[in-house]
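A quick write-up on the structure given underneath.
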Amino acid sequence: MRIFITGSAGFMGSHLVDHLIRIGHQVYGVDDLSGGYMRNVNPKSIFTKLDLRNTPKTVALIVKIKPQLIYHLAADATEGRSQFTPVRATERNLNASLNILVGAVKAKTKRVVMTSSMSVYGDQKPPFSENIPKKPVDIYGISKAAMEDATKVLSQVYGFEYTIIRPHNVFGPKQNLADPYRNVVAIFINCLMQGKNFYIYGDGQQKRAFSFIDDVTPYIANAGFLSKTAGEIINVGPSKEYTINELANEILSHFVTNLNDIPKHLKPIFVPDRPQEVKMAYSTDTKAKKLLGFKNQTPLKEGVAKMVEWAKSVGPQKFQYLDKLELTTGSTPTTWKNKLI
Ligand SMILES: NC(=O)c1ccc[n+]([C@@H]2O[C@H](COP(=O)([O-])OP(=O)(O)OC[C@H]3O[C@@H](n4cnc5c(N)ncnc54)[C@H](O)[C@@H]3O)[C@@H](O)[C@H]2O)c1
C-alpha cells in the first residue's frame, strides 16, 4: 500500500515507518523536525520536510502522493506545557490535523488513523474505557478531543474511513531525550546520565501505565488495515499502572548500586504539581485486545533496561528549551522558568 505518515522523524512515527517498510509497504513521511530528528528517518521512506500548519502545501503534498492510508502522528505532544503555549499546542494539534483531513478528502484516501491521547479523558475515575465521555482538563487534551470530533464529522460528510487511537506514556529507543517538557522516562534517564538530580512534580504518587514502543507499534499499524477497526476509538497500551516513584526507582536502579543509599546528587527533587496535571491516569486495554490483537509483552523493568541501554549508546543530551513560553505566571513550573532540568 501507498502510506503517508506524519511525524515520521519523531519517536512513534519513525517506529511505525520502520515497521510498515519491514512488512513491505511504500511509505511517504513528513515532519518539520520541530521535535524529531533526521537520524530517525528511515532511508527507505520518501521524506518531505514540511510544517503541516501550512494548509496549501500540506494539501498539495497529500494530493500529489495520493496515499491509500494515512497515519497522523505529528503533534506538539507537550501536555503539561500546553497551558503555557496554548496557541502553539492548538495550531500544531488541531489546525494541522484539519489540513491532513482536507488533504485526505481531496486525495480520496480510503482511511486515516488519527493519533489522539489518553488526555481526552481528563480527571475521571481510572481505568478509562473508550465509552466514557471525553472531559479533557488541559489544552493538549482539548485539542486532541476536537481533532477526534472533527475527524468523525468530516468522515460522515466525505465518506472516508477513520480509526482513532489513544496511546499513553509510550517510551523507548529513538525518543527525544532533550525535551525538558515531556517524556518522563527520557527526562529522568537524561538527567541521571548527566550525573544530576531529576525533578518529580507533586508527591510522585500519581499513577500512569507505561508502554514500551515495540508493544504498541504493530497494533497502531493494525488499526489502519482491519475492517473491524473502521469508525472505532481504541486505547492502545497496557492497563497495569505504576506510580512515578516506582518508575523513578526502576530507572535509578541502573545508575546507583543501592536504592536505600542514593547519593545526594542523584536523588529526586520534589517540586509542586503542574497546573491541571491529572493524578491518576491509565486506561483499559480490553478493546485493543479484542480489535487489534493487543498484547503487552514487555514488563516495565525490561522496557526501562532497553531504554537505558539505548540512551547510554546515544549519550547525555543538552535539554532544549523554547526561547519563550506564550504565558509565564506564578504557576509556571520553576523547572521550566529557571531552566533547572
Ligand atoms: N509518546 C507518548 O507517550 C504519546 C502518548 C499519547 C499520545 N501520543 C501522540 O502520539 C503522536 C506521536 O508522539 P511522539 O511521542 O512520537 O512525539 P514526537 O514529538 O516524538 O513526534 C511528533 C513529531 O511531529 C513533528 N511535528 C510537530 N509539529 C509538526 C508540524 N506542524 N508539522 C510537521 N511535523 C510536526 C515533530 O517534529 C515530531 O517529530 C502524537 O500525536 C502524540 O500526541 C504520544
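The values are calculated or read from the model by the stated rules, or taken from the named source; none is laboratory data. These numbers come from a predicted model, not from an experiment. Because the Cβ atoms are built from the backbone with ideal geometry, glycine has one as well, and the counts that use them run over all protein chains shown. These accessible areas exclude ligands, DNA and RNA; they are computed on the full protein's heavy atoms, side chains included. Shrake-Rupley method; radii C 1.70, N 1.55, O 1.52, S 1.80 Å.
Looking only at residues of region 233-268 that are within 23 Å of the chain's Cα centre (by Cα) and among the small types (Gly, Ala, Ser), we find that the one that is surrounded by the most Cβ atoms within 10 Å (Cβ to Cβ) is Gly237.
Of all the residues that make up region 97-134, how many are touching a Pro at 6+ places or on another chain (Cβ under 8 Å), closer than 22 Å to Asp285 by Cα and of a type outside the set (Phe, Trp, Tyr)? The number of residues fulfilling the criteria is 6. Filtering Val137, Val157 for residues that are touching a residue at least 60 places away in the same chain (Cβ under 8 Å), aliphatic (A, V, I, L, M) and either out of contact with any Pro (no Cβ under 6 Å at 6 or more places or on another chain) or near the ligand (Cβ under 9 Å from one of its atoms) (or both) leaves a single hit, Val137. Could you say whether any residue in region 140-158 is under 21 Å from the mean Cα position of the chain (by Cα), open to solvent by 50 Å² or more (accessible area, probe 1.4 Å) and among the aliphatic types (A, V, I, L, M)? Yes - at least one qualifying residue is present in region 140-158. Among the residues in region 94-110, are any over 23 Å from Gly13 (Cα atoms) and within 15 Å of the ligand (Cβ to nearest atom)? No - not one qualifying residue is present in region 94-110.
Scanning region 2-39 for residues that are at positive phi, within 15 Å of the ligand (Cβ to nearest atom) and either modelled with pLDDT under 95 or open to solvent by 40 Å² or more (accessible area, probe 1.4 Å) (or both) returns a single hit, Leu33.
Exactly one residue out of Lys267, Lys287, Lys318 is touching a Ser or Thr at 6+ places or on another chain (Cβ under 8 Å) and either closer than 16 Å to Ile200 by Cβ or outside the structural domain of Leu33 (by TED's automatic domain parsing) (or both), and it is Lys287.
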